[in-house]
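Participant: I have a structure here, written as structure tokens, and I will follow up with some questions on it.
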Amino acid sequence: MPSVPRSRPSIAGTFPLLALAAALTIAGCATPPPADDPDAVADYKATNDPLEPTNRVFYAINNGLDTVLLRPLALGYRYVVPAPVRTGVHNVLANIGLPVQLANDMLEGKPHRAGDTTMRFLINTTAGGLGIFDVATKWGYPDHDADFGMTLALWGVPEGPFLFLPVLGPSDPRDAAGFGADILLDPFTWVGGNGTGWTAFHWSRYGLGAVDARERVLDALDEIKKTALDPYATFRSLYDQHRAQVIDTVRHDNRSTPPSWYPQPVPATGEPSDAH
């Protein structure tokens, strides 16, 4: 889907939200269709949304918050901040998240992806001016998706039913657990203490992350809400498709060696090296 990259709230704020969502879903299950209607049963299983009544309530709440708060902030951000500056902000936020991405690359057993992530962090933090400029992509180290939800998928953990969580949006039990694990893996969760400067850094990071993510999907989400007969069902389908695609990509990325740390000589045959 045109997914919104999630900012990382504090541990104290995240797990109560997930616990509340889990408790509320108990009373909001969809009734399975009768067994003598195979088409309805097939559709029910395909949507994987037995908690649909509760999910739709949370979607309505989130949509209301987005309408009155997040979308206007994203529009103002786009209007006030020039595109090159917005790109730099996004690059810095992405660079700060690379330690978590690297941890998941290693947990997934993907050394080449881990090497790319390492080089991205080193290059963009130095030559890229603390991550403002994505020099690493130009130098042959592209970005990729990696989070603990994907790691759990590669470990064989089933996704479970579709969830639409308060604040966090489309998810499932596996990805919700992965989101919490990524917070624990984030070194910025543990370093810096509770001083005023670190508190300001964390809140700035979360706030900018949310606004940056929303701005980057403004047009796509507006189009879906404008044209889709059932936006909730559309978001559910797009989320499932997007997660399946990124998990399938990492599952089949079986390059077994890290990337080369230096330019490779051209082989004697004249053919380009495949070390990358």
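Participant: Please report HIS252, HIS112, HIS90 as a ranked list, fewest other C-beta atoms within 10 angstrom at the top and most at the bottom.
Facilitator: Lowest to highest Cβ neighbour count: HIS252, HIS112, HIS90.
Participant: Compute the length gained on full extension between TRP139 and ASP248: take 0.36 nm times their separation in residues and subtract their Cα-Cα distance, giving the result in nm to one decimal.
Facilitator: 36.7 nm
Participant: Please tell me the relative contact order of region 122-251 in percent, rounded to the nearest whole number, where contacts are Cα pairs under 8 Å and at least six residues apart.
Facilitator: With pairs under 8 Å counted, the relative contact order is 18 percent.
Participant: Sort 82-89, 116-123, 132-139 by packing, meaning the average of other beta carbons within 10 Å per residue, with the highest value first.
Facilitator: Answer by packing, highest mean first, reads 116-123, 132-139, 82-89.
Participant: Using packing as a proxy for protection, rank 220-232, 199-211, 158-170, 54-66 so that the peptide with the highest average count of other Cβ atoms within 10 Å comes first.
Facilitator: Ranked by mean Cβ neighbours within 10 Å, highest first: 158-170, 54-66, 199-211, 220-232.
Participant: With the Cα gyration tensor of region 50-251 in hand, convert its eigenvalues to equivalent ellipsoid semi-axes via √(5λ) and list them largest first in whole Å.
Facilitator: 28, 23, 17
Participant: Taking neighbour Cβ counts within 10 Å as the exposure measure, how do ASP253, ASP145, ASP49 sort from fewest upward?
Facilitator: Going from least to most buried by this count: ASP253, ASP145, ASP49.
Participant: Then there is this: Classify region 177-217 as rounded, prolate or oblate from the Cα gyration tensor: take a ≥ b ≥ c as the square roots of its eigenvalues, call it rounded if a/c is under 1.5, otherwise prolate when a/b beats b/c and oblate if not.
Facilitator: The shape class here is oblate.
Every read-out reported here was derived from the displayed coordinates using simple, explicitly stated rules and does not represent laboratory data. Quick caveat: nothing in here was measured; it's all calculated off a predicted structure. So basically every Cβ, Gly included, is an ideal-geometry build from the backbone, and we count neighbours across all protein chains shown.
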